[in-house]
Amino acid sequence: MRALKLSTSAAVVIAALAGTAALATTTPASAASYRCKTSSHTVDDPSYSGPDSDNWDFDVTLCAIRSGGYIYTTATVYWDGPYTAKNRSTLTFNKAKFQLQTKRSVSGTDPVVKSGAYTGLEHALEHSSGNGNGNGSYSTGTLKSKAGSSRYLADGYIQLDWSGDGKSYRSPILFTASPVV
């Protein structure tokens, strides 16, 4: 009986420690209270004029949360590229990035509080998977900014530099900002 009590006590202690460890690793990035907005944009590959489809359909989810005196913003880019994108692999883009911005919500143009360029988008786009076509997703990191009494939001855009068109980054592809927090 003493062994059973010891085992039960040990199990309770281990369960309590495991619960504490789980709480310690929970961050606002995984919290369910992010305020998010998803919007879409279709982009034509200007460097390709062949008979196959060359459009890229992007969905971007921009999210913001206020927690512990800070604003956290993050984004996820989803795409459905043309089936020929997989065939061209790393020849599609010279550069590609997602520019994530934390903005203070004001009347007029919202000023940028913090910004981060996520250039890993190029690799993700050019190494898309999904049954041989160009489907995939890419998540940015999380920007953390000290919050004042203002309201804030996540905003962002994609910039693409297509291989073979002789130009650098094209105009930003804009998406709808997150709700304010």
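Quick notes on this structure:
- Qualifying residue in the range 15-34 (condition: open to solvent by less than 40 Å² (accessible area, probe 1.4 Å), at pLDDT 75 or above and in contact with a Leu (Cβ under 9 Å, 6 or more places away or on another chain)): no
- Members of the range 48-63 found to be modelled with pLDDT under 95 and open to solvent by less than 30 Å² (accessible area, probe 1.4 Å), listed by number: Asp54, Trp56
- Residues being at pLDDT below 95 and open to solvent by less than 40 Å² (accessible area, probe 1.4 Å) - total across the range 161-181: 4
- If the condition is being open to solvent by 30 Å² or more (accessible area, probe 1.4 Å), touching an Asp or Glu at 6+ places or on another chain (Cβ under 9 Å) and modelled with pLDDT under 90, then the range 88-129 contributes Arg88, Ser89, Thr90, Leu91.
- Within the range 64-74, one or more residues are open to solvent by 60 Å² or more (accessible area, probe 1.4 Å), in a strand (DSSP E or B) and in contact (Cβ under 8 Å) with a residue 24 or more places away in the chain.
- Ala96 being of a type in the set (A, V, I, L, M, F, W, C) and in contact with a helix residue (DSSP H, G or I) (Cβ under 6 Å, 6 or more places away or on another chain): yes
The values are calculated or read from the model by the stated rules, or taken from the named source; none is laboratory data. This is a predicted model, so every value here is computed, not measured. In this analysis, Cβ positions are derived from the backbone assuming ideal geometry, glycine residues included, and neighbour counts consider all displayed protein chains. Please note that ligands, DNA and RNA were not included when accessible areas were found on the heavy atoms of the full protein model with its side chains. Shrake-Rupley method; radii C 1.70, N 1.55, O 1.52, S 1.80 Å.
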